[in-house]
Amino acid sequence: YFLKVFFWSWTYSHSNTVGVGSAIFVALGYHLFVVLSICLAAYQANRMPTTWEIANGAAVFCIALLHETLADRELADFKKRKTGGLLQYGYHSICRHPNYFFNTFSFPCIALMSGSYPVFALWVFVQVFWAHAQSGVALETYMASKYGAEWESYCKSVPFFFPKFGDLINVLIFKHVGVKSTESTKMN
């Protein structure tokens, strides 16, 4: 996971403004805090996590990491084609920041595997807050200045962070994979 984040910081940035300092902070500082908080949670839980906690935490972690990676890849492929405009198909047709959405589940699920529900809840809050208060806001501002009216129209039809339930189910069963048309791409 650490390597995926470090690689993302250098290659998939939406705004191409991720500098060395930001990459080091995200890849080392932030993730070191994650690991330490989860280790502390496991120690403080003073019990072995149940099979249910381990299995569900691991399953959701793997599914979320897969979809986050695929959403990042979709963005990278779109940027390589240099067709201009906005990416509005596939993962980006269900919410404006699918990689942030799927990243929300990584750390909480590791905490769940440790058996610590308070740290699980803390990390859900931290991840959602981070997307809404820091990264998402900066990216939204950048995209609005770059794409103007096209971005405004996109924002009216695609949610910021939380996809609609039906769209999320379609993602989880890979119904959207391979959709590369900018025509009516909203999944029903």
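The values are calculated or read from the model by the stated rules, or taken from the named source; none is laboratory data. Keep in mind it's a predicted model, so treat the numbers as computed, not measured. When we count neighbours, we look across all protein chains shown, and the Cβ atoms used for this are built from the backbone with ideal geometry, even at glycine. Heavy atoms of the whole protein, side chains included, go into the accessibility calculation; ligands, DNA and RNA do not. Shrake-Rupley method; radii C 1.70, N 1.55, O 1.52, S 1.80 Å.
Over region 39-100, with the other protein chains present, what is the accessible area per residue in square angstrom, probe 1.4 angstrom?
Normalised by residue count, the accessible surface of region 39-100 is 51 Å².
I'd like the accessible area for residue 104: 1.4 Å probe, protein heavy atoms, all chains in place, Å² to the nearest 10.
10
Please list 165, 102, 125 in order of solvent-accessible area, largest first, computed with a 1.4 Å probe with all protein chains present.
165, 125, 102
Out of the total accessible area of region 38-111 (probe 1.4 Å, heavy atoms of protein only), what percent is carbon and sulfur?
Carbon-and-sulfur percentage of accessible area, whole number: 67.
Kindly report, to the nearest 10 Å², the accessible surface of residue 73 as traced by a 1.4 Å probe over protein heavy atoms only.
100
Estimate the FRET efficiency between residue 122 and residue 150 by the formula 1/(1 + (r/R0)^6), using the beta-carbon distance for r and 35 Å for R0, to the nearest 0.05.
0.40
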